[in-house]
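The values are calculated or read from the model by the stated rules, or taken from the named source; none is laboratory data. Note that the coordinates shown come from a computational prediction; the quantities given were computed from them, not determined experimentally. Here the Cβ positions follow ideal geometry from the backbone for every residue, glycine too, while neighbour counts run over all protein chains shown. Accessible surface areas use protein heavy atoms only, side chains included; no ligands, DNA or RNA. Shrake-Rupley method; radii C 1.70, N 1.55, O 1.52, S 1.80 Å.
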Amino acid sequence: MRYYDIPERTTAQILADKAARAGDRSFLHWAGRTFTYRDLDEITNRYANGFAALGLGKGDHVALMMPNSPEFLWALWGLGKLGAVAVPLNTAAKGDLLHYFLDQSDSVAVCVAGELLPRVAAVLPEGVRTVLGHQADPAQLAALPGVRTYDLATFAGAPAEPPELAEPVAWNDPHLILYTSGTTGPSKGAICPQSQGHAVGQQMASLNGYRSDDVLYTCLPVFHGNALWYTVYAALWAEASVALYPHFSASRFWSQIRESRATVFNCLGAMANIVWQRPRSTLDREHSVRICMMVPNSRELGEGFLERYGARVTSVYAMTENCAVTVFGPDDPPEKAPSAGRVRADMSVQIVDDEGRELPAGVVGEIRLRPGEPGMTMLGYYKMPEATVAATRDLWFHTGDRGHLDEDGYLFFSDRKKEAIRRRGENISAYEVETIICRHPAILEAAAVPVASELGEDDLMVYLVAEPGTQVSYEEVIAFCDERMPYFMVPRYLELIDGLPKTPSEKIEKYKLKTAAAERLGELWDREAAGIVIRK
């Protein structure tokens, strides 16, 4: 495993070097096909030249509305070789939220999967000039008004040589805009430099001991940082291979692990619980997995996965804006398993009170951090300078999360100071849920809060205040949400109340609502108990 200095951490340099060093080695396994490191470099050159032929180049923003597929990665890195900025979008986005992502990001082009084309077509902002379809109906693609349309498959005929550039691409040039959940307002687009994903890859490969003969499995969406950075970039750094699958299936999970001969996989908290709750089988150890990265970690699951599956559990504390802040590696003491790992040499972490004063070990406060070298964190939030300044004050990045460090430097996450909800692997903005629900003509106010889920992480509860003189049913509100929200944002619990508790300055006292919801969870209207199923 070669170490790359920071100036070398660009898409073009690393992919070319990997092709030269490990060209015949498998990089990606997908749907019965295998692509080598040489294929990876050549195909992304073709994509780069294809994009360039359409007039796209350094600094242009291109949205990617595509589910897991090799073409997502080819487009991402083809754009990276040009110095263009890829904007991966959650494929569940639709309506106002999708329009916001496309418009706020200033995307001038969109690469979209055929099944998602109608959603994109319904909300295209004026700034989008080009739409490239992946396995899209040619007639639907051609029918889009006011934009140029192309089939992404035509890039296969573009030159395989590196693209000619008017100016070089540097390690600190923007590479991605990754949208966060938006905790106190609209979702923020973190501008990630070319080097950031490679910093994560280096951390994961070195601290977890990934090897060139490893196969890193993921069924998580590659438009998220977990699959993209903590699996794909980690494999790239280690010169290992990736087994990519379309989505998580509890019934097929272990058969896919065995089929792919995976040695490493990542899972989110809810996914880990679902896997654990599957019936025990004589095949539980019939696989090659040696490491499972689990976020969040727990001592019970860590010990359970080792005893039942023979897989050692690792973990991290990480954010879209940063990298692996702490790492719980395979050689860390088992008794530290409830933690998110130890602060490593390339990061500084402090726990502080509301005035920014550092707190001693064992005391809970806000987690703030600072990287030890350049290129490990975002460049800022796109077109949100005030949010950037607020997050990076005092020369530290303030996470908005609370936790404590123990005497050995292990970080224990406590809760979220900021208003975010984590549901089945997705970060949800309470603000966005409330904004969409309040567009219903019968709803005056709404307040979204997290409640405990039986699968781990959170479920979503929304308090509703009706417009005077109106009536609205819970079923009507859910149908309204389903038309306008990604499936994971649609609330599970609803309750109509006369008014929201507020401070003298008219801020909603959500801690009161959270407490009340937790105490009365069994009494609340529950769409799952009502038999309402929300489809992806």
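Applying both filters, DSSP loop and at most 10 other Cβ atoms within 10 Å, to the trypsin sites (Lys or Arg not before Pro) of region 341-430 gives Arg357.
Relative to one another, the C-alpha centroids of region 137-191 and region 463-515 are positioned 36 Å apart. Placing dummy labels 7 Å off each Cα toward the beta-carbon, the span from Ala153 to Ala122 is 2.6 nm.
With bins 5 Å wide beginning at 0, the percent of Cα pairs of region 369-447 falling in each bin runs 3, 11, 13, 18, 20, 16, 9, 5, 3, 2, 1.
Here each label is just a point 7 Å from Cα along the line to Cβ, and for Arg2 and Asp498 those points are 7.2 nm apart. With distances taken between every two different alpha-carbon atoms, the chain has a Kirkwood hydrodynamic radius of 24.2 Å. Computed with the Debye formula from one identical point scatterer per Cα of region 69-129, without solvent, the log10 of I(q)/I(0) at q = 0.19 Å⁻¹ comes to -0.71.
Rounded to the nearest 500, the helix-only mean residue ellipticity at 222 nm of the chain stands at -7500 deg cm²/dmol, with each DSSP H run of n ≥ 4 adding -39,500 (n - 2.57). What residues of region 198-236 lie in the reach of a label at Lys536, counting those whose backbone N is under 12 Å from a point 7 Å from the Cα along Cα→Cβ? Hits in region 198-236 for Lys536 at 12 Å: 219-222.
Separation of region 259-277 and region 213-249, taken as the distance between their Cα centroids, equals 12 angstrom.
Determine which residues of region 108-141 fall in the zone a paramagnetic label at Arg252 would reach in this model, i.e. backbone nitrogen under 20 Å from the point 7 Å along Cα→Cβ. Once the point is set 7 Å along Cα→Cβ of Arg252, 113-116, 135 turn out to lie under 20 Å by backbone N, inside region 108-141.
Show Trp171, Trp77 ordered by accessible area, largest first, where the area counts protein heavy atoms only and the probe is 1.4 Å. Display every interim value, and only then the final one.
Details: Trp171 65, Trp77 0 Å².
Of Trp171, Trp77, the descending order of accessible area is Trp171, Trp77.
Please list log₁₀ I(q)/I(0) at q = 0.12, 0.17, 0.20 Å⁻¹ for region 1-104, using the Debye equation with identical point scatterers on the alpha-carbon positions. Debye curve over Cα of region 1-104, log10 I(q)/I(0) at q = 0.12, 0.17, 0.20 Å⁻¹: -0.47, -0.87, -1.08.
Take every pair of alpha-carbon atoms less than 8 Å apart whose residues are at least six positions apart; their mean separation over the length of region 245-303 yields a relative contact order of 45 percent. Using the Cβ of His134 as centre and a radius below 11 Å, the other residues enclosed give a net charge of -3, where K and R count +1 and D and E count -1.
Rg over Rh for region 392-509 works out to 1.06, both radii taken from alpha-carbon positions and Rh defined as the Kirkwood radius. The share of accessible area on region 302-441 that comes from carbon and sulfur is 49 percent, using a 1.4 angstrom probe.
Across all directions, the shadow cast by the convex hull of region 295-363 built on its C-alpha atoms averages 5.8 square nanometres.
Relative to the Cα centre, the charge distribution of the chain, modelled as +1 at Lys and Arg Cβ and -1 at Asp and Glu Cβ, gives a dipole magnitude of about 880 debye. With an a/c value of 1.5 or above and a/b larger than b/c for the gyration tensor axes a ≥ b ≥ c computed over the alpha-carbon atoms, region 218-375 is described as prolate.
Full extension of the chain segment joining Glu167 with Leu444 gains 94.4 nm, where the gain is 0.36 nm per residue of separation less the Cα-Cα distance. Label-to-label distance, Ala390 versus Ala53, with points set 7 angstrom from Cα along the beta-carbon direction: 4.6 nm. Normalised by 2.2 N^0.38 Å, where N is the number of residues, the C-alpha radius of gyration of region 73-229 stands at 1.13.
For the chain, the solvent-accessible area with a 1.4 angstrom probe is 41 square angstrom per residue.
Within region 450-518, the GluC sites (Glu not before Pro) that combine a DSSP coil assignment with at most 16 other C-beta atoms in a 10 angstrom radius are Glu454, Glu506, Glu509. Beta-bridge orientation, the chain: approximately 55 percent antiparallel, per DSSP, counting only bridges with both partners inside.
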